[in-house]
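Notes follow the structure.
The values are calculated or read from the model by the stated rules, or taken from the named source; none is laboratory data. It should be emphasised that the depicted structure is a prediction, and the values quoted were computed from it without experimental measurement. All Cβ positions, glycine included, derive from the backbone under ideal geometry; neighbour counts span all protein chains shown.
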Ligand SMILES: CC(C)(COP(=O)(O)OP(=O)(O)OC[C@H]1O[C@@H](n2cnc3c(N)ncnc32)[C@H](O)[C@@H]1OP(=O)(O)O)[C@@H](O)C(=O)NCCC(=O)NCCS
């Protein structure tokens, strides 16, 4: 077996083999369409340095690993995005060889820790334990059945809602950065992760990536009567291969505006908008830290039900 780097531009055939192998990483959640998979593997939403290494047997891809190497914040980390071995080639040391290779690459890049998210029920957990991993955070995935979804009529006095589909219009960029940086308040459990900061260029690059990967992005912002941004939430659906799935990502309420029901209001309104705008969707998936009890209470109130549990593991380099 050889471990070789994937050249995304020059090797579309190998990229397609890797996609076929790894796109089910999130099963039973949504499968990543090829453009989205390529974006995540090649550079991620935040356009960061990344490497993909493939395990080849007789020229066939039998395993692969993608690692992101943040270069703005969190430069002590190497983040594994996919690590997958073909079913027919498991328990022969391929996964161990790929992981050892990535740990070596992390060391070469001066990283102190490798982080990887692993489903609780799958083989990854025994694997990462056998490799000396330390569990540092727990996340749960929940799914909302959209077929019976109806949002109650709601107002929160002193606030109004704005609906944005796709890119952030220029006059709203500063507000959007304020809102997105609230995500730094989300619980981290024992994760050794620093705050992420955004610039207008960084935001534009992420939104370019939405367009490149055909993402249909729905954002609802709650604005206080004095004009200040107070809360936001965001839903994604693939524009071409949604396969019935929407994805709930960030939700945040600015500290001074918490405790007034804004989180629930923006989520309900956005979900109702999604169901009207995208009648092809039947369900939405979301992730939360298990310790994020407020967000989980809002989600369960909306009708989200538990799908599965994932742990994040840390390996010292
Ligand atoms: C996890 C995964 C990458 C392991 O790949 P692999 O090539 O089978 O792993 P290895 O053969 O190198 O296994 C190394 C050790 O991990 C442990 N291990 C791996 N799979 C295991 C399983 N299903 N049950 C129990 N222990 C397991 C064992 O200690 C094994 O050593 P042994 O075979 O000598 O007992 C593979 O099962 C996979 O692709 N799973 C789905 C994706 C996933 O969970 N990725 C997360 C990886 S952190």
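With respect to residue 114, is the statement that it is within 15 Å of the ligand (Cβ to nearest atom) and closer than 22 Å to residue 309 by Cβ true? Criteria met by residue 114.
The residue that is surrounded by the fewest Cβ atoms within 10 Å (Cβ to Cβ), counting only those in segment 181-217 that are modelled with pLDDT of 95 or more and touching a strand residue (DSSP E or B) at 6+ places or on another chain (Cβ under 7 Å), is 214.
Going by the conditions given, is residue 122 modelled with pLDDT under 95 and either within 14 Å of the ligand (Cβ to nearest atom) or assigned to a helix (DSSP H, G or I) (or both)? Here the answer is yes, as residue 122 does meet what is asked. The numbered conditions (1) closer than 24 Å to residue 40 by Cα; (2) exposed (fewer than 15 other Cβ atoms within 10 Å of the Cβ); (3) in contact with a strand residue (DSSP E or B) (Cβ under 6 Å, 6 or more places away or on another chain) are all true for residue 306 except (1).
As for segment 191-211, it holds no residue that is within 24 Å of residue 95 (Cβ to Cβ) and in contact with a helix residue (DSSP H, G or I) (Cβ under 9 Å, 6 or more places away or on another chain).
Taking segment 69-86 as the region of interest, how many residues are more than 10 Å from the ligand (Cβ to nearest atom) and outside any loop (DSSP other than H, G, I, E, B)?
Our first condition is that a residue be more than 10 Å from the ligand (Cβ to nearest atom); within segment 69-86, this holds for 69-79, 81.
Filter again for outside any loop (DSSP other than H, G, I, E, B), leaving 77-79, 81.
Matching residues across segment 69-86 total 4.
Considering only segment 184-207, I want to know if a residue exists there that is under 24 Å from residue 40 (Cβ atoms) and assigned to a strand (DSSP E or B). No, segment 184-207 contains no residue that is under 24 Å from residue 40 (Cβ atoms) and assigned to a strand (DSSP E or B).
Just so you know, in segment 87-104 the residues that are more than 8 Å from the ligand (Cβ to nearest atom) and buried (at least 16 other Cβ atoms within 10 Å of the Cβ) include one that is nearest to residue 52 (Cα to Cα), and it is 102. Of all residues in segment 129-140, one or more are within 16 Å of the ligand (Cβ to nearest atom) and in a helix (DSSP H, G or I). Is it the case, given these coordinates, that residue 266 is in contact with a strand residue (DSSP E or B) (Cβ under 8 Å, 6 or more places away or on another chain), under 17 Å from residue 216 (Cβ atoms) and not in a loop (DSSP other than H, G, I, E, B)? It is false that residue 266 is in contact with a strand residue (DSSP E or B) (Cβ under 8 Å, 6 or more places away or on another chain), under 17 Å from residue 216 (Cβ atoms) and not in a loop (DSSP other than H, G, I, E, B).
If residue 21 satisfies all but one of (1) under 22 Å from residue 109 (Cα atoms); (2) in contact (Cβ under 8 Å) with a residue 60 or more places away in the chain; (3) in contact with a strand residue (DSSP E or B) (Cβ under 8 Å, 6 or more places away or on another chain), what's the number of the condition it fails? Here residue 21 meets the rest and fails (1).
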